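Read the structure below first, then the notes.
The values are calculated or read from the model by the stated rules, or taken from the named source; none is laboratory data. What you see is a predicted model; the values in this text were computed from it and never measured. FYI the Cβ positions are ideal-geometry reconstructions off the backbone, even for glycines, and counts take in every protein chain you see. These accessible areas exclude ligands, DNA and RNA; they are computed on the full protein's heavy atoms, side chains included. Shrake-Rupley method; radii C 1.70, N 1.55, O 1.52, S 1.80 Å.
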Amino acid sequence: MSTGSQEKPPYPAHWEADVVLADGGTAHLRPITPDDVEALQAFHVKQSPESTYLRFFVAMPRLSDADAQHFTHVDHVDRVALVATVGDDIVGVGRYDRTGPRTAEVAFNVADAQQGRGLGSVLLEHLAAAARENGVHRFVAEVLPQNRRMLGVFRDAGYEVQHGYEDGVVSLSFDIDPTERSLAVMESREHRAEFRSVAALLAPRSVVLVGASRREDAVGHRLLRDLLAGGFTGRIHVVHPEADQMLGVPAHRSIADLPVESQGPVDLAVIAVPAESVLPVVHDCARAGVRGLVIVSGGFAETGPEGLERQRALVRVARANGLRVIGPNSWGVVNTDPQVRLNVGLLAALPAAGRVGLFCQSEGASVATLDNAEHRGLGLSTFVSAGNRADVSGNDCMQYWEEDPRTSVIGLYLESTGNPRKFSRIARRLARSKPVVVVRSGGSSFGLAPGHAVRATRAPAEAFDAMLAQSGCIRVGTVHELLDVAELLADQPLPAGPRVGVVANSMALAALVADACLAQGLEVPHGPTSVPITAGAEEFLRILTDVTAEDGLDAVVAAFVPPVGTRPEAVGTALARAAAGTDVTVVACLLGMPDARGRLAHPSSGTEAVPAYPTPEEAVRALGAVTRYAAWRRRDPGPRVDPPGRDPAAARRLVADALRGSPQGVDLGADAARELLACYGLQVRPMLPVHGPEDAVAAADRLGYPVALKTTASLLRHRADLVGVRLDIADADELRADVVQMSQRLTRVGGGGLVVQAMVPGGVACVVRSVEDPLYGPVVSFGVCGDATDLLGDWAHGIPPLTTGDVRDLVRSLRAAPKLFGHRGARPVDVPALEDVVARVSCLADDLPEVEELELNPVVVAERGAFVLGAAVRLSPSEGRADGTRRELTAGS
């Protein structure tokens, strides 16, 4: 059935995507083209007779010329086909043919050798997204009963599938609009696939080093030396064009010359060759079936446009052939698991094993972070240096660490975030079980670090911090602070609350610690406890033990200045003994002692230790951060907001109609904006335009007194001090006089038309905004009208989808929030009604990426109810979100 379009649509390049499959490998998806005739025929003839019969219901050893022509010549609207490729080979095909205005018949075919990798579910996701774009919202299919794999693809996709059975064929039909369940299924599959892809990189059974060198100062030499010194438990291979062996390891001339092993191809290639030689090596790795790459070579995006194109080319080749890439310009990877012992991080020795997984984008930060962790004695589970983050990113690593039993704390050093929306989604889930500590550079006006190509952003700078807070991440300012917090999380239980006991062997020091606690929002309910400065380690231990046993304490800070004659190691042992005998969180501050920063462990305490800091401020800052995280984890986030009375389908039709013929976007008029907002249950109070006193009186008679008189000039609309607004006009005579006066004065300050609007009950005037950001996707902002927002920038931000807890936090996080709750004797306003407005705006913004900007201003929140008095909406065609309704690898996602 044709949609009636006569002009052939262009090739939909935006449907192309790299995807991670169920086993951690990758494939490329793209629309089929007429040039695919030979490749499609080759795919078909390799299929078993059974697979061909299950797809076509008849024996078909070859496609006829007419069939091949029919299958490869599509219009990308009514007839759509997507192919999955690995290398140059088609390994899967999914297609639909429209059978009605909103319905299409769908079918899939996956190569026998590729079945079980999740290609069918990926093709269904992408085909459904393409169909929705073309106005198709329901799929139908006919499947033979014995085709259990395909029945499973439809059954397990998360849609509500209706079944029928007739003439030996199973008939299926289901709506393909995303649902909470279908999105959850997609995210679960994505999580498992990305976990497996990173696991293959961090726990390889075999490694090949390409670029080893005889020169001891060369990177390739150091990588091999460190890999051997680390005691890697798998097989090591070396590729060198001339040498027969390197450091006792036999060398081969190329990857193609590696010996064939019973366990299959090499898992990981570490590449340290000049930039211009990297791509040929990647091609060699692809042909040899290598699963993943760590590229330490520089000379890519960090060098400029030519290097950026070189980087994009290597990622295209790698992903098209099933490989994941760490780097380029990477410092390497580390896995301290005794079963792996992988050290390709340019480290002379493998770091100590521990519970912390670290991710760094910066080469310099990698060096500083690893050195700092070693100095503290902080053990690591794994370490990843992403370099230019061309492929594997922090999002991928979080997917891995969520399942890794050896990792209980995650530390991220970020210079940029390629897909914040996906980051927020993963981090929120992960932080419920494992803390995520984040330090970020590049937040200033000095821009991105070289080599990091990300989408531009128009979101306010505070949006990143809002995203972290919403996700439960612990935001810190420096690498030192990241490790301060990480060692506390790794070694101590989470505080059950904010109540802190303070013990110090100096009253002045005790007071200093107590002040630092109060500054962090902690409580010191019993006041600080002072021990005589002459007390030794045993007496300090006795008092500390008594304090940790007191009721009503959640944490204890022990601060100690060593008197003359006290051995530092005795103090550390005493503190560790005290912590081992309690369930409260214990941190230490050791002033004036060598190596005051680190872990204080007792021989009998196993892996438990007390984190120690050189100053009270550092100790308490780490404790405050962990206490706030613990409170976030205890708090019920509530369900995803789902206010009643929404009609997204009607809203989408309105948006499509408004954008038809407007490729540059369009500002909706007042009536159109009101109609769109009504689809989400947001009622905008009508405003009637007036052209003189009598028009105004007629409008007021229709609306009912009292009324407000406003200018339509955007700069003056909400400014009573600039004669842009007159409120509480009680009768016709007052209204006539105000129209005359405002018209005269507005002429002198910029003019603008006038409108009349019925007054609403008095309350607090607020503003609710959303913006569709190219990087973050939808960002919802909330503020209280007036100087708090205009002069002080007092805004709160959220990244949809929001939960009821997110909306609650959003409204209460403003510095001006007390105005909503009865500040200085005023009556409290209807905050639940305000939260309902924010929730509805967040749903609209999440559903409609074409809503480039939306502003409700003012929203007057009265004692009962919240009233939207003004609305502005701008639409523009959507370029697609980085984290949409289909699985897709973006650059450094």
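Put a dot 7 Å past each Cα toward the Cβ at ASP97 and GLU50; how far apart are the dots in nm?
Label-label distance for GLU50 and ASP97, simple model: 2.7 nm.
When a/c reaches 1.5 or more, the comparison of a/b and b/c decides; with that in mind, is the range 648-707 rounded, prolate or oblate per its Cα gyration tensor?
Values: a/c = 4.68, a/b = 1.97, b/c = 2.38.
In terms of gyration-tensor shape, oblate.
Treating only the Cβ atoms of Lys and Arg (+1) and Asp and Glu (-1) as charged, compute the dipole magnitude of the range 353-435 about its Cα centre; round to the nearest 20 debye. Don't jump to the answer; show the numbers that get you there.
Details: 11 positive and 9 negative charges, 110 e Å.
Around 520 debye, computed over the range 353-435.
State the label only: which of (1) 13, 36, 34, 15, 2, 0; (2) 12, 36, 39, 12, 1, 0; (3) 14, 45, 35, 6, 0 corresponds to P(r) over Cα pairs in 20 Å bins from 0, in percent computed from the shown model?
(1)
Find which of PRO10, VAL296, PRO778 sits farthest along the positive direction of the dipole of the chain, computed with +1 on the beta-carbon of Lys and Arg, -1 on that of Asp and Glu, about the Cα centre.
About the Cα centre, the residue reaching furthest to the positive side is VAL296.
What is the distance in Å between the Cα centroid of the range 250-298 and that of the range 355-383?
27 Å
Can you find, among ILE271, HIS375, VAL281, the residue farthest towards the positive end of the dipole of the chain? Put +1 on the C-beta of Lys and Arg, -1 on that of Asp and Glu.
It is HIS375, whose Cα lies furthest towards the positive end.
Computing the accessible area with a 1.4 Å probe over protein heavy atoms, can you report the carbon and sulfur percentage for the chain? Spell out each step's value before the answer.
Values: 19340 of 37040 Å².
Here carbon and sulfur together make up 52 percent of the probe-accessible area.
Normalising by the residue count of the range 209-314, find the relative contact order in percent from Cα pairs under 8 Å and 6+ residues apart.
On the way: 148 pairs, mean separation 22.8, N = 106.
Rounded, it is 22 percent for the range 209-314.
Probe 1.4 Å, all protein chains in place: accessible area of PHE43 in Å², nearest 10?
Solvent-accessible area, nearest 10 Å²: 10 Å².
When a/c is below 1.5 the answer is rounded, else prolate if a/b is larger than b/c, else oblate, so apply that to the range 43-95 with a ≥ b ≥ c taken from the square roots of the Cα gyration tensor eigenvalues.
oblate
With charges set only on the Cβ (+1 for Lys and Arg, -1 for Asp and Glu), what does the dipole of the range 753-843 come to about its Cα centre, in debye to the nearest 20? Mind dumping the intermediate values first?
On the way: 8 positive and 10 negative charges, 69 e Å.
With Lys and Arg at +1 and Asp and Glu at -1, about 320 debye.
Report relative contact order for the chain in percent, whole number only (criteria: Cα-Cα under 8 Å, sequence separation at least 6). Show your work: numbers first, answer last.
Numbers: 1909 pairs, mean separation 77.7, N = 893.
The value is 9 percent.
I'd like to check one number: the per residue accessible area of the range 800-893, probe 1.4 Å, reported in Å² as a whole number.
Numbers: 3720 Å² over 94 residues.
Per residue, the range 800-893 has an accessible area of 40 Å².
So for the chain, taking the charge dipole from beta-carbon charges (+1 Lys/Arg, -1 Asp/Glu), which of HIS73, ALA459, VAL641 sits furthest toward the positive end?
Highest projection toward the positive end goes to VAL641.
Treating only the Cβ of Lys, Arg, Asp and Glu as charged (+1, +1, -1, -1), what charge dipole size does the chain show about its Cα centre? Round to the nearest 20 debye.
With Lys and Arg at +1 and Asp and Glu at -1, about 480 debye.
For the range 279-406, what relative contact order do you get, as a whole percent, if you take Cα pairs closer than 8 Å and at least 6 residues apart?
Numbers: 223 pairs, mean separation 33.3, N = 128.
It comes to 26 percent, rounded to a whole number.
Under a 1.4 Å probe, what is the accessible area of the range 1-150 per residue, stated in Å²? Present the calculation step by step, with values, prior to reporting the outcome.
Working: 6660 Å² over 150 residues.
Heavy-atom accessible area per residue stands at 44 Å².
Show log10 I(q)/I(0) for the range 159-302 at q = 0.09, 0.12, 0.20 Å⁻¹, two decimals, from a solvent-free Debye sum over equal Cα scatterers.
Summing over Cα pairs of the range 159-302 leads to -0.44, -0.60, -1.22.
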